[in-house]
Amino acid sequence: MARKSQTLGWLYSFMVYVFMYLPIVVVIIFSFNKGRFAIWTGFDLKWYKLMFANKEIINAALNSLFLAVSASTLATIFGSIMALVLTRYRFIGRRILNGGVYLLTISPDIVMGISLLIIFILIQIPLGFTTLLISHVVLCTPFVVVTLMGRIQKLDEDLVAAARDLGASEVQAFVQVVFPLLLPAIAAGWLLSFTLSMDDVLISFFVQGSGFEILPLRIYSMVKLGVKPDINALSTIMFVGTVILVLAAQFLLKTRRN
Amino acid sequence: MKTRNPLIRLFILAVAIWLIIFALIPNFFLLAISFFEPDKHSYVIADFTLNNYERLITPSFITIFTDSLWLAITATAICLLAGYPFAYILARASARFRPWLLLLIVIPFWTSSLIRTYALINILQNNGLLSKLLEFLHLTSEPVSFMYSEFAVLIGLAYTMLPFMILPIYASVEKLDTRLIDAANDLGAGSLRTFWHVILPLTAPGIMSGCILVFLPALTLFYVPDVLGGGKGQLLGNYIQMQFTKPIPDWPLGAATSTILTLVLLLLVLGYKWSLKVSSQRSEFDNADDDREQKISSRFQAIPQAPKISGLGARLMPRKQRIAGSATEGNK
């Protein structure tokens, strides 16, 4: 009886995995298809060639990479400071700040997008790279904060106390003890921010403007027209990129500190 | 730690200013604009009015609202029904395979949901995989297309949001104290009763945060109907988007709709807080240390990003630490 239900359970889980991965696998397979339609006619890399020859896509991809690197770097700096302040220090209003970060993380992206758009227009910042950068930093920072908070809470206070006993100042203790211990989590936060920034559609849609096109929105305007083999190729590349980043982040968060 | 260092004070101030500029002010303006008059030239005129909300009680909006609500509720229910057993099995899988099985959920979780939505076209389109499957099962004699329908939008929402339901439930099942289940069995409860009175209340925070994570995006992911619905199955998100993109934008109407969305969010957060209470009442026999940890970790689950984090190997709240108390290696 127990055995039977266990087998059923595994069968069910397997089905869920199939449901989750089948569409992606199909896209990957057809990205190497010779023909244009969803019938396999032979292996070919022509859709990749076509995609790389598409200036608009390449341009948008470069823009996105630049934006994602800048936004996640800034978000990681701000997020790390926030996480440290919110977890390691007691002060008046801490709960309010905590609640603020919390609300920022659960507020729907679309609301964040339009409220930032309204602010940008009111204070007359022209829509473009600057507004995208600010918005992505606002989007990513709370992610870094939560990634780090877990790590900081597990930080061994004795190590810090030991450093202080041995005469280190608060800053020295931070730079030489706390920071190295948190580095893997900080790096993971950066990677996750990068992924977020590369994928965001809901916020960027509103604050993009017309001068600086980014990849997710390029894809958005392309997929509205249905299946195209070169989008399959692009999706495959994006998917592989995500897998690599997630694996790297996973590895960093897993690394045992000593 | 007490704060005397001026640098730290400066940082605290910076965090506060950050939140004021990027959370408080934008939302305040959004709320304010929802009470302003729309204007062709400067978007809004600062004249107080309730007109925008009145425009939302017209039948056409109510139809959009209830349709979108229905889609979101159904998608959430599908994710919950499909995701709960899955998360439960996953959390009880042997420790050797679990990280890998979990990783297979974390990857779609982080993959662009736009691309995942797009990937569904191959499955749903005319003569697509689903159609072929039905033909194979002799449920239909000719190719069928599922695209451009409410059904496609529903599948799209459930498909893209499923990992967001699985991960928080997984985290709460993983934390579940198996001694409680054993105790219930020893005391003569059947598996249904154990589930209803022990497992379900204890995993309520996971369920609730999963529902928050699925329900809100399911109301707003405007690209899902764009890609799969072809004008059908419009969401609240499409309606908001339209107010900002139509030739003569109507910011106040969009702002009023967003305000309603924020109210829904706040209601859900209250529901989450309630679920925490239910769960902690049931686990009173946990020692204080466990309790504290549960509070910390369930807090994380409430945050949409948290599954991304607890998903990352669920290493933030290691089981080992819970089992071994906070004694040994978890802390180092």
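The values are calculated or read from the model by the stated rules, or taken from the named source; none is laboratory data. Everything numeric in this text was worked out from a predicted model, so none of it was measured. Methodologically, a virtual Cβ is constructed for each residue, glycine included, from the backbone with ideal geometry; neighbour enumeration extends over all protein chains shown.
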> With respect to the numbered conditions (1) modelled with pLDDT under 90; (2) more than 15 Å from the chain's Cα centre (by Cα); (3) surrounded by 15 or more Cβ atoms within 10 Å (Cβ to Cβ), which one is the sole condition not fulfilled by A:E213?
Replying inline: (1)
> Mind checking whether some residue in region A:176-187 is at the interface with chain B (Cβ under 10 Å from one of its Cβ atoms) and within 19 Å of B:V227 (Cβ to Cβ)?
Replying inline: no
> Out of region B:19-43, which residues are at the interface with another protein chain (Cβ under 7 Å from one of its Cβ atoms) and among the hydrophobic types (A, V, I, L, M, F, W, C)?
Replying inline: B:L19, B:F22, B:A23, B:I25, B:F29, B:L30, B:I33
>> Step by step: first the residues of region B:246-278, then only those that are among the polar types (S, T, N, Q) and over 16 Å from the mean Cα position of the chain (by Cα), then the one that is nearest to the other protein chains (Cβ to nearest Cβ). Which residue is that?
In response: B:S258
> Where in region B:197-301 are there helices (runs of 4 or more DSSP H), lying fully within it, with 2 or more residues that are modelled with pLDDT under 90?
Replying inline: B:204-220, B:251-282
>> Cβ-Cβ under 7 Å, sequence separation 6+ or interchain: first residue in region A:167-190 and within 24 Å of A:T242 (Cβ to Cβ) and at pLDDT 85 or above, partner of a type in the set (F, W, Y) and in a helix (DSSP H, G or I). Which pairs?
In response: A:G189/A:F143
> Are there any pairs, at least 6 apart or on different chains, whose C-beta atoms fall under 8 Å, with the first in region B:226-237 and more than 15 Å from B:D67 (Cα to Cα) and the second among the basic types (K, R) and surrounded by fewer than 22 Cβ atoms within 10 Å (Cβ to Cβ), and if so, which?
Replying inline: B:D226/A:K224; B:V227/A:K224
> Taking only pairs six or more apart or across chains, which ones have beta-carbon atoms under 6 Å, a first residue in region B:23-52 that is more than 16 Å from A:G113 (Cβ to Cβ), and a second residue that is among the acidic types (D, E) and part of a loop (DSSP other than H, G, I, E, B)?
Replying inline: B:E37/B:D47; B:P38/B:D250
> Looking at (1) within 11 Å of chain A (Cβ to nearest Cβ); (2) out of contact with any helix residue (DSSP H, G or I) (no Cβ under 8 Å at 6 or more places or on another chain), which is the one condition that is false for B:I62?
Replying inline: (1)
> Quick one: in region B:104-121, which of the residues that are free of Cβ contacts under 8 Å to residues at least 12 places away in the same chain and either of a type outside the set (V, I, T) or in contact with a strand residue (DSSP E or B) (Cβ under 9 Å, 6 or more places away or on another chain) (or both) is surrounded by the fewest Cβ atoms within 10 Å (Cβ to Cβ)?
Replying inline: B:L104
> Residues in region B:176-195: is at least one of a type in the set (V, I, T) and within 28 Å of B:G229 (Cβ to Cβ)?
Replying inline: no
>> Exactly one of these conditions fails for B:G233: (1) under 23 Å from the mean Cα position of the chain (by Cα); (2) farther than 28 Å from B:I155 by Cβ. Give me its number.
In response: (2)
> Taking the stated definitions as given, is B:A183 of a type in the set (G, A, S), assigned to a helix (DSSP H, G or I) and surrounded by fewer than 19 Cβ atoms within 10 Å (Cβ to Cβ)?
Replying inline: yes
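Report, by residue number, each residue of region A:70-93 that is assigned to a helix (DSSP H, G or I), free of Cβ contacts under 8 Å to residues at least 40 places away in the same chain and at the interface with chain B (Cβ under 8 Å from one of its Cβ atoms).
Of everything in region A:70-93, those that are assigned to a helix (DSSP H, G or I), free of Cβ contacts under 8 Å to residues at least 40 places away in the same chain and at the interface with chain B (Cβ under 8 Å from one of its Cβ atoms) turn out to be A:I81, A:V85.
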>> Residue under question is A:T73, and the condition is that it be surrounded by fewer than 21 Cβ atoms within 10 Å (Cβ to Cβ) and closer than 24 Å to A:F206 by Cα; does it hold?
In response: yes
> Which residues, counting only those in region A:122-156, are within 7 Å of another protein chain (Cβ to nearest Cβ) and β-branched (V, I, T)?
Replying inline: A:V138, A:V146, A:T147
> If you scan region A:207-258, which residues turn out to be more than 10 Å from every other protein chain (Cβ to nearest Cβ) and aromatic (F, W, Y)?
Replying inline: A:F212
>> For region A:96-126, give me the residue count where each residue is surrounded by fewer than 18 Cβ atoms within 10 Å (Cβ to Cβ), of a type in the set (A, V, I, L, M, F, W, C) and in contact with a Gly (Cβ under 8 Å, 6 or more places away or on another chain).
In response: 0
> Looking only at residues in region B:89-127 that are more than 7 Å from chain A (Cβ to nearest Cβ) and among the hydroxyl-bearing types (S, T, Y), which one is farthest from B:A171 (Cα to Cα)?
Replying inline: B:T117
